[in-house]
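The values are calculated or read from the model by the stated rules, or taken from the named source; none is laboratory data. On a predicted model such as this, the values are computed, not experimentally measured, just so you know. Here the Cβ is made from the backbone with ideal geometry for all residues, glycine too, and neighbour counts use every protein chain on show. Side chains are part of the model used for accessible areas, which takes the heavy atoms of the whole protein and leaves out ligands, DNA and RNA. Shrake-Rupley method; radii C 1.70, N 1.55, O 1.52, S 1.80 Å.
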Amino acid sequence: MKALILAAGLGSRLKENTKNIPKAMVQINSKPIISYQIESLKYNQIYKIGVVLGHKKDVLKSYLLNNHQDIDFSFFNNYEYETSNSAYSFYNAYDYIKDDTYIHLNCDIIFSSELLKKMIDSSYKNVIALSKKLDLKDNMEQVSLDSDKKIIKMDNIKFDTATFKAYGLAKLSSESSKFIFKIIERDIRQGHKKKNYYGIMRKAVLNIKYYGLDCDDDLLLEVNTLEDLDIIKNSILSY
């Protein structure tokens, strides 16, 4: 199995922390976020990893090649990272994963090796990591599930039946990738490159079966803001 890490963004909400390094290299207790991800992937025998580069791309590429020499990296460039978003980053790496089930990662997610194993071992083809630990509000990607844990609605505007927050960790099938690629390709033809990947997935869940993986008992953290950074530096020590 392959993994694809979307790591092109500016990480502007982390202020000075991403002035000289990409978001993926922000350190949590002396270790870059992306190294936590790679360690979990390696634990699950995933050594083929694609990385979409953008902000400080040479810094990140050099770090990965020098510090994770046992990984078979493939690198993809989002040259328009300042004016685009994660859907366009995925578009640039689409050929790498279009025929495979793969692990999809935003570069700001920290998760346990055990959680990833549960996701890989799931019988479902499309699985998204979910948590109920945070109070749901606008600008959080949130979902509602049916009794079989199938995602029936996904939105970043709070809605009455929402029960979980979706995180940027997922196992996705080639069927999912091909469906999402077509939507992104159409948007690009119309001049739209600023859409979020999970924003596209909101449409996909209405056409393809995606299931939620409840991760409340596992390590699953997101580093988006300075507040997140402070919370995570303390909470990760308990795992």
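Applying the selection to region 27-64, what residues are part of a loop (DSSP other than H, G, I, E, B) and either basic (Lys, Arg) or touching a Cys at 6+ places or on another chain (Cβ under 9 Å) (or both)? Residue satisfying the conditions is Lys56 alone.
Evaluate the following for Lys149: is it basic (Lys, Arg), farther than 25 Å from Thr18 by Cβ and surrounded by 15 or more Cβ atoms within 10 Å (Cβ to Cβ)? Yes, satisfied.
When only residues in region 121-145 that are of a type in the set (D, E, K, R) and more than 9 Å from Lys165 (Cα to Cα) count, which is most open to solvent (accessible area, probe 1.4 Å)? Taking the candidates together, the pick is Lys125.
If the condition is being within 22 Å of Ile109 (Cα to Cα) and of a type in the set (Ser, Thr, Tyr), then region 135-192 contributes Ser144, Thr163, Tyr167, Ser173, Ser176, Ser177. At pLDDT 95 or above, more than 24 Å from Ser122 (Cα to Cα), crowded, with 17+ Cβ neighbours inside 10 Å and in contact with a Gly (Cβ under 9 Å, 6 or more places away or on another chain): is that true of Ala3 in this structure? Judged against the criteria, Ala3 is not a match. Within region 77-100, the set of residues being over 22 Å from Val223 (Cβ atoms) and either open to solvent by less than 60 Å² (accessible area, probe 1.4 Å) or without any contact (Cβ under 8 Å) to a residue 60 or more places away in the chain (or both) comprises Asn77, Tyr79, Asn92, Tyr94, Asp95, Tyr96, Ile97, Asp100.
The combined condition, being open to solvent by 60 Å² or more (accessible area, probe 1.4 Å), of a type outside the set (A, V, I, L, M) and either over 16 Å from the mean Cα position of the chain (by Cα) or at pLDDT 95 or above (or both), is fulfilled by Ser30. Within region 173-200, the set of residues being crowded, with 19+ Cβ neighbours inside 10 Å and free of Cβ contacts under 8 Å to residues at least 60 places away in the same chain comprises just one member, Ser176.
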